[in-house]
Each structure stands twice: as C-alpha cells, then as structure tokens.
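The values are calculated or read from the model by the stated rules, or taken from the named source; none is laboratory data. Everything quoted here is computed from the prediction, not taken from an experiment. Please note: Cβ atoms are built from the backbone with ideal geometry, for glycine as well, and neighbour counts cover all protein chains shown. Surface accessibility is based on the protein's heavy atoms, side chains included, excluding ligands, DNA and RNA. Shrake-Rupley method; radii C 1.70, N 1.55, O 1.52, S 1.80 Å.
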Amino acid sequence: MKDLLFQTLSKKNRLLILGVGLFLVLVYFIPIWAISISAPQYPEGLGMQIWINQITGATPYDLKNINLLNHYIGMKEIISESIPELLFMPYVLAYLIIGAFITELVPKVGMAILGIINLVIVGLVGLFDFWRWEYNYGHNLNPDAPIIIEGMAYQPPLLGCKVMLNITACSYPSYGGMILASSLVLLVYIVWDEKRRKKSNVV
C-alpha cells in the first residue's frame, strides 16, 4: 500500500487530474442543486437554484413567489445571507481546485487518494448541512402564520419529490453537483487504474 501511495501517476492520469481541476472551476458559474415546486396557484411551476455562493430563483420572480408561499405557512424568508455556509463554500471549492493542480505538479497516487477523501468529506458535510437547513426551515414555523395546520411540517426532500398539502417539491443535483460527483468518480477511476498498472508491472 505504501508503494502505491508514492507511485507516480501515468501521463494519462495526470491529464485526467488536470481535467478534474478545470471542471471544478465550472462549479463557480453553474448551480449545484435545484429545487422545483408545483402548486395549483403556480401551474407553470417555480424553481430555486443553489449555487456555490448564493440562492436564486430559476426565473427572476421565482424566489419571490416561493417566499410568498412560505409566508402563508410560516416559513422564514429564503435569502442567501441567511445561510452562512455560502460565504465560505467558494473557498472550499478553491481548496479542491488547488489540490488538483498541486497533484498535477506532485503526481503521486497518494495525492489522488487525498482528493477522494476531501471530496467525500465535502460531499457528506454539504448534504448534511443542506438537510439541516431544510429541517430548520420546514419545522421552525411562525406561530402567527396565516395558515397553521397542527403537527404539519414543510421540510423539502433532500433528494427526490415530496407532497406537502397541495404543493409538490422536488430536489435534485444540478450541473454543478453532477460535476462534483463526476470528479469523485474520475479520481476513484484514477486510483483503480494506478493500482491495476502496479499489479501488471509486478507481473
């Protein structure tokens, strides 16, 4: 195992690592996650997009209309400033990108494994934090809201669709989330390929 950690990456895998770093840069410019909402009063649907540093509506007025719906059932207003994690997430992404470029300069399998560990930690912490944010928004309701249903909570799904009263909310990774997941898969492939290459050289 120790020999594998210090094994130099092949030229092909070095290029793949460089590709991972460049692909991660795109996450600054596209949404990571998307939530869609359908309700009778909005037959065309509403959408909310979560970026690395902000929350926006799928269209200019969607977030405003979502907050209007939330007001009636007692949920807090959704604004980027209310989610402190969005302030440092760009720096976390920068750390991952710099790590990929450093691996290009120090092309060892151990660096690729470190990249896998970092992406898994960021992914798990990010998903838990997202679930916690959804839980707080869906359960900590205003007791003076115009519409109150005893025992009802409005936590959106972490993944998939959920019906709440006459509202259906769906939550899925957007393009940025797909890039993060693809980067992890690519790094796992690189480590697997290097392990296979090491075995073939021994034989």
Revision key, fill the gap. Flagged pairs (Cβ under 6 angstrom, 6 or more apart or on separate chains; first in the stretch 67-84, in contact (Cβ under 8 Å) with a residue 60 or more places away in the chain; second open to solvent by 30 Å² or more (accessible area, probe 1.4 Å)) are 72/146; 72/147; 73/147; 74/141; 74/142
Check your understanding: Restricting attention to the stretch 84-95, and to residues there that are under 15 Å from the mean Cα position of the chain (by Cα) and among the aromatic types (Phe, Trp, Tyr), which single residue is modelled with the lowest pLDDT?
Key -> 88
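Does residue 108 satisfy being more than 20 Å from residue 154 (Cα to Cα) and of a type in the set (Lys, Arg)?
Yes.
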Check your understanding: Listed residues 77, 81; which is open to solvent by 40 Å² or more (accessible area, probe 1.4 Å), farther than 30 Å from residue 191 by Cα and in contact with a helix residue (DSSP H, G or I) (Cβ under 6 Å, 6 or more places away or on another chain)?
Key -> 77
Practice item. Pick out the one residue from 104, 81, 77 that is within 22 Å of residue 26 (Cβ to Cβ), among the acidic types (Asp, Glu) and either in a helix (DSSP H, G or I) or at pLDDT 85 or above (or both). Key: 104
Check your understanding: So which of 117, 147 ends up being more than 30 Å from residue 4 (Cα to Cα), out of contact with any Cys (no Cβ under 8 Å at 6 or more places or on another chain) and open to solvent by 50 Å² or more (accessible area, probe 1.4 Å)?
Key -> 147
Point to revise | Subset of the stretch 46-74 [in contact with a helix residue (DSSP H, G or I) (Cβ under 9 Å, 6 or more places away or on another chain), outside any loop (DSSP other than H, G, I, E, B) and open to solvent by less than 30 Å² (accessible area, probe 1.4 Å)] | key: 46, 47, 48, 50, 55, 57, 70
Exercise for review: State which residue is nearest to residue 199 (Cα to Cα) when the search covers only the stretch 1-41 and only residues that are among the hydroxyl-bearing types (Ser, Thr, Tyr) and under 28 Å from the mean Cα position of the chain (by Cα).
Suggested key: 28
Exercise for review: Mind counting the residues in the stretch 29-45 that are in contact (Cβ under 8 Å) with a residue 60 or more places away in the chain, assigned to a strand (DSSP E or B) and open to solvent by less than 40 Å² (accessible area, probe 1.4 Å)?
Suggested key: 5
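Of all residues in the stretch 137-157 being over 28 Å from the mean Cα position of the chain (by Cα) and touching a residue at least 12 places away in the same chain (Cβ under 8 Å), which is farthest from residue 75 (Cα to Cα)?
Among those that are over 28 Å from the mean Cα position of the chain (by Cα) and touching a residue at least 12 places away in the same chain (Cβ under 8 Å), it is 149.
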Exercise for review: Give the residues of the stretch 152-192 that are buried (at least 17 other Cβ atoms within 10 Å of the Cβ) and part of a helix (DSSP H, G or I), sorted by residue number.
Suggested key: 176, 177, 179, 180, 183, 184, 186, 187, 190, 191
Check your understanding: Quick one: would you say residue 93 is more than 30 Å from residue 5 (Cα to Cα) and either in a helix (DSSP H, G or I) or open to solvent by less than 80 Å² (accessible area, probe 1.4 Å) (or both)?
Key -> no
Point to revise | Enumeration of residues in the stretch 96-113 that are within 21 Å of the chain's Cα centre (by Cα) and either within 30 Å of residue 149 (Cβ to Cβ) or open to solvent by less than 50 Å² (accessible area, probe 1.4 Å) (or both) | key: 96, 97, 99, 100, 112, 113
